[in-house]
Each structure stands twice: as structure tokens, then as C-alpha cells.
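J.: If you scroll down you'll find the structure; I have some questions about it.
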Amino acid sequence: MKKGAVKPIKIQMKRAAGHNKTHIEGLESFGIAPEAVADALKKKLGCTTAVLKLPGNNVTDHEVLLQGHCVNEVVDYLRDAYAVDRQWIDLET
């Protein structure tokens with residue numbers, strides 16, 4: 001666990017190369033493995049996933065990248081599988 005205040009999980013929608021992409025950051029602060037979330041959402045939603053390291057030299061956190069617009073599905077999955085309350089999820093579209 002890390003010291004300090006808990007940062008909310010940030011879910012962003014971006015568009016790159018003509019495709020919608022969903023980015024999820026901040027899973028580590030809740031003790032959730034990004035690889036586990038990527039594998040589960042890949043099976044559940046049938047979309048391409050990737051786990052990427054966040055930019056920066058001393059940053060150890062990762063982000064999950066999903067192909068497609070699946071913000072609502074991600075919120076539902078985090079609530080059902082990991083009991084993350086909606087107040088700890090920051091949506092940026």
C-alpha cells in the first residue's frame with residue numbers, strides 16, 4: 001500500500017487513428033492488478049486490451065487500454081468484481 005490520500009480511478013475516452021479508446025489509470029491504489037482487469041475485460045467485452053506503463057522516469061503505475069467505447073461496462077465491472085464505489089471513479093470523456 002502507498003502512503004497518502006487515495007487517488008480515484010481515472011477512466012478516459014480518447015480517439016486515435018479513427019478508433020475510440022478507453023484508458024483506465026489508478027488501479028494500483030486500490031490493490032487491483034491491471035493485468036487481471038485487462039484479461040477479464042478482454043474476455044467479457046471481446047475487445048483488444050493492452051497494459052501500458054505510464055510516462056515518467058520514476059512512475060511504476062500502469063494503465064489499461066481498451067479498444068472501443070466501453071466506459072459504462074468498465075464502471076459496472078469494477079463495481080461488481082472489486083466493490084469499488086462510484087465515488088472513487090473519475091470519468092473524463
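J.: On average, how much accessible surface per residue is there in the chain, in Å², for a 1.4 Å probe, leaving out ligands, DNA and RNA?
T.: 64
J.: Would you mind telling me the share, in percent, of accessible area of the chain contributed by carbon and sulfur at probe 1.4 angstrom?
T.: 50
J.: Suppose the Debye formula is applied to equal point scatterers at every Cα of the chain; what is log10 I(q)/I(0) at q = 0.17, 0.19 Å⁻¹?
T.: Once normalised to I(0) and log-transformed, intensities are -0.70, -0.88.
J.: Running a GNM on the chain with Cα contacts under 10 Å, which residue among 66, 45, 27 ends up with the highest mean-square fluctuation?
T.: It is 45.
J.: Please list the non-local residues whose amide H lies under 5 Å from the amide H of residue 68, H modeled 1.01 Å from N, same-chain partners needing a gap of 5 or more.
T.: Distant-sequence amide H within range of residue 68: 20, 21, 22.
J.: How big is the charge dipole of the chain about its Cα centre, in debye rounded to the nearest 20, if each Lys and Arg gets +1 on its Cβ and each Asp and Glu gets -1 on its Cβ?
T.: Approximately 140 debye in magnitude.
J.: Counting helices only, and only those DSSP H runs with n ≥ 4, report the 222 nm mean residue ellipticity of the chain as the sum of -39,500 (n - 2.57) divided by its residues, in deg cm²/dmol to the nearest 500.
T.: -8000 deg cm²/dmol
J.: Same structure again: Using a simple spin-label model with points 7 Å from Cα along the Cα→Cβ vector, what separation in nm is obtained for residue 85 and residue 3?
T.: Distance between the two pseudo-spin positions: 2.6 nm.
J.: A follow-up question, please. So what are the ³J(HN,Hα) numbers for the stretch 39-45, from phi and the Karplus equation (6.51, -1.76, 1.60; θ = phi - 60°), rounded to whole Hz, Gly and Pro as x?
T.: Result, ordered by residue: 5, 5, 6, 4, 6, 6, 9 Hz.
The values are calculated or read from the model by the stated rules, or taken from the named source; none is laboratory data. Predicted model only: the values in this text are computed from it and were never measured. Here Cβ is always computed from backbone atoms with ideal geometry, including for glycine, and neighbour counts include all displayed protein chains. Keep in mind that these areas ignore ligands, DNA and RNA; they rest on the heavy atoms of the full protein, side chains included. Shrake-Rupley method; radii C 1.70, N 1.55, O 1.52, S 1.80 Å.
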